[in-house]
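One structure is given here, and the rest of the page talks about it.
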Amino acid sequence: MSVKDKVIAIIAEQAVLEPSDVTLDSTLESLGIDSLGLVESIFAIEEEFDISVPFNANDPSESDFDISTVASIVSGIEKLMVEQKGSV
């Protein structure tokens, strides 16, 4: 399963949606994911990919990790995997 597919599956689970309902252009807000769901999604992503996401749950706008769309989350995870593990 690709990084994109895994991220979509995690986000779909948090939003209680089918993965087919989540697109790369989707925003977490448009999927109905609130701040608690966002934090749970970040934890699930960190566990799934064995990475540390630089995300400040108290002030998400100050984080270096772009959560504006599903595509930006996928891109950010791929970048972190290269930085932290040396490969995607």
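Read-outs throughout are calculated quantities, based only on the coordinates presented, and are distinct from any laboratory measurement. Note that the coordinates shown come from a computational prediction; the quantities given were computed from them, not determined experimentally. Counting neighbours? That spans all protein chains shown, and the Cβs are built from the backbone with ideal geometry, glycine included.
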Review point. Any idea what the alpha-carbon Rg over 2.2 N^0.38 Å comes to for the chain?
Key: 0.99
Revision key, fill the gap. So, with points 7 Å from each Cα along the Cβ direction, the S20-S52 label distance in nm works out to 4.0
Point to revise | Normalised convex hull volume, the stretch 1-50, alpha-carbon set, Å³ per residue | key: 65
Review point. With point charges of +1 on the Cβ of Lys and Arg and -1 on the Cβ of Asp and Glu, referenced to the Cα centre of the stretch 6-88, which listed residue (F49, T69, G37) lies farthest in the positive direction of the dipole?
Key: F49
